[in-house]
1. Scan the range 183-220 residue by residue and report those that are of a type in the set (A, V, I, L, M, F, W, C) and either open to solvent by 30 Å² or more (accessible area, probe 1.4 Å) or in contact with a His (Cβ under 7 Å, 6 or more places away or on another chain) (or both).
2. Among the residues that make up the range 230-241, is at least one of them within 20 Å of residue 112 (Cα to Cα), basic (Lys, Arg), open to solvent by 10 Å² or more (accessible area, probe 1.4 Å) and touching a residue at least 12 places away in the same chain (Cβ under 8 Å)?
3. Pick from 54, 81, 59, 112: which is at pLDDT 95 or above, touching a Cys at 6+ places or on another chain (Cβ under 7 Å) and either closer than 26 Å to residue 261 by Cβ or crowded, with 20+ Cβ neighbours inside 10 Å (or both)?
4. Tally time: how many residues in the range 66-78 are under 21 Å from the mean Cα position of the chain (by Cα) and farther than 18 Å from residue 110 by Cβ?
5. Show the residue pairs meeting these rules: Cβ distance below 6 Å; 6+ apart or different chains; first residue within the range 45-59 and closer than 12 Å to residue 28 by Cβ and in a helix (DSSP H, G or I); second residue at pLDDT 95 or above and of a type in the set (Phe, Trp, Tyr).
6. Take the range 154-182 and flag every residue that is surrounded by fewer than 17 Cβ atoms within 10 Å (Cβ to Cβ), within 25 Å of residue 34 (Cβ to Cβ) and not β-branched (Val, Ile, Thr).
7. Scan (1) acidic (Asp, Glu); (2) part of a loop (DSSP other than H, G, I, E, B); (3) under 23 Å from residue 61 (Cα atoms) for the single condition residue 136 breaks and write down its number.
Amino acid sequence: MGTTAIAGGLWATDAAADPPLHSVPLDHIGIQLYTVRNIMATDPQGTLNALGAVGYATVGVSGLYGHTPERFRAMMDTAGVRAVLTHTSWDAMNADVQRELEIARILGVRYVVVPSLPGSLRTVAGYTHAAAKFQEWGIRCRGAGMKFLFHNHDVDFAKVDGKVLFDVLAERTDARFVNFELDLYWIIKPGYDPVAYFERHPGRFPAFHVKDMAANGSFEDLGYGTIDFPRIFARYAQSGVREYVVEHDTPRDALLTARRGQEYLATVTF
């Protein structure tokens, strides 16, 4: 930080020498309910209430736990959280897109997300086919007032016949209709840099799965691991991120993990 000499030999901080710090908007901090799936299965209302009490504004839906979309929406409303996105599936979208969009509409989400692709598609031809389907679904989502996203895992960054599979999806889809929920753990795990993807595909990452990595490469509570999130978050304008969604695949104490994640995102600056 810069300093300026003043009378009497004292020094005052020159705040203008440093760029202003940014933070995550509190109303865009969410958690993927997959993180708390075990307690959602036995006490969905209590779990949602606890997440709202912790300070989460949003959730990413990961199944309805046997409830109707209307009932699940009512439980979220009671808890004071809103669904910003929902994870459907490749099979469900292929079977009945309209049904999936109707569920999403009732839940009130902005984003409809396909979270993975079948292993049988793990070829350049398979991902080319998936990109074409994503285009169709993205157009349908846009017509319904929502947006379509694909969520990555590490396998999506496999190189097949000299081509990174994720790149097939990014290059063969139109940003007006298809974008990405970028899981930061699962892009970093296979050795890729999120920032490089922001530079190559600016504005195409409106949602992050904010998932931390332990020193041994396994999952860790947010803020307790090794990923340099401020470096990634600082590119918010280039990435296009709007939603920051905490996730941990195998938490030992799901509500502790949830609390730590919210606290980290509410206080981190970049």
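1. 184, 186, 188, 196, 215, 219
2. no
3. The conditions single out 112.
4. 0
5. none
6. Once the filter is applied, which keeps residues that are surrounded by fewer than 17 Cβ atoms within 10 Å (Cβ to Cβ), within 25 Å of residue 34 (Cβ to Cβ) and not β-branched (Val, Ile, Thr), the range 154-182 yields 154, 158.
7. (2)
The values are calculated or read from the model by the stated rules, or taken from the named source; none is laboratory data. None of these values were measured; they are calculated from a predicted model. Note that we place each Cβ from the backbone using ideal geometry, even for glycine, and neighbour counts take in every protein chain shown. Ligands, DNA and RNA are stripped out before the accessible areas are found, and what is left, the full protein with its side chains, is counted by its heavy atoms. Shrake-Rupley method; radii C 1.70, N 1.55, O 1.52, S 1.80 Å.
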